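Enquirer: Submitted below is the structure of interest, expressed as structure tokens.
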């Protein structure tokens, strides 16, 4: 599958030049001529990276970046390369503080744009590999953090390890014995129901209705299953 790039740029000639150059390098480029249009495209389809002009009609590139990083879900993590005709260092600082991954002033060499874009794509792929996503649920392995709708949910370190084990084996039924062995490194003792207690508390954090769970399913007589398909 080709890498998808969204270029948010209001200069048609520059947008065409960048699209042609990146297209020749094997990238699939979509163009939006304004900030609101770019956010709408990002909401409709996944992109691997965004090239974002700072000077745009309507909302500017800084506001686009701020809204993108504030939203929930995978789109909030898409790498952003910001372009600008303004050379003010303050703009670069604000852009980076808002979550831009890199910054390239105009005019620029297309080869440098491509090199910087490839660099943030590599970093973005490494960052994505650290995050397991199941619909609105995110498990950040690097930060050891659980998020629902982009907001952190509090669970204990043990419960996080238990959830991670289930999620890394999504679609498979894991017995209580297996879970205890993987998380605690010790076999489950007879009549030990501590796993059930911890699963109940995890459900409080991740289920819309913990009494009728749809993410962690109890398989009677077998154990627990973490659902692959989730909202």
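Enquirer: Before we move on, is residue 170 part of a loop (DSSP other than H, G, I, E, B), touching a residue at least 24 places away in the same chain (Cβ under 8 Å) and not assigned by TED's automatic domain parsing to the domain that holds residue 208?
Expert: It is false that residue 170 is part of a loop (DSSP other than H, G, I, E, B), touching a residue at least 24 places away in the same chain (Cβ under 8 Å) and not assigned by TED's automatic domain parsing to the domain that holds residue 208.
Enquirer: Give the residues of the range 122-132 that are free of Cβ contacts under 8 Å to residues at least 60 places away in the same chain and touching a helix residue (DSSP H, G or I) at 6+ places or on another chain (Cβ under 8 Å), sorted by residue number.
Expert: 127, 128, 131, 132
Enquirer: Among the residues of the range 106-119, is there at least one that is in contact (Cβ under 8 Å) with a residue 40 or more places away in the chain and either farther than 15 Å from residue 83 by Cα or assigned to a strand (DSSP E or B) (or both)?
Expert: no
Enquirer: Check the range 94-101 and report whether any residue there is within 16 Å of residue 6 (Cβ to Cβ) and surrounded by 18 or more Cβ atoms within 10 Å (Cβ to Cβ).
Expert: Checked against the condition, which is being within 16 Å of residue 6 (Cβ to Cβ) and surrounded by 18 or more Cβ atoms within 10 Å (Cβ to Cβ), the range 94-101 yields at least one hit.
Enquirer: I would also like to ask the following. Restricting to the range 216-228, name every residue that is surrounded by fewer than 14 Cβ atoms within 10 Å (Cβ to Cβ) and in contact (Cβ under 8 Å) with a residue 40 or more places away in the chain.
Expert: 219, 222, 228
Enquirer: Considering the range 198-231 alone, what residues qualify as being out of contact with any helix residue (DSSP H, G or I) (no Cβ under 9 Å at 6 or more places or on another chain) and closer than 17 Å to residue 168 by Cβ?
Expert: The answer is 217, 227, 228, 229, 230.
The values are calculated or read from the model by the stated rules, or taken from the named source; none is laboratory data. Treat the numbers as computed from the prediction; the structure is a model and nothing was measured. Positions of Cβ are generated from backbone atoms using ideal geometry, with glycine treated the same way; all protein chains shown enter the neighbour counts.
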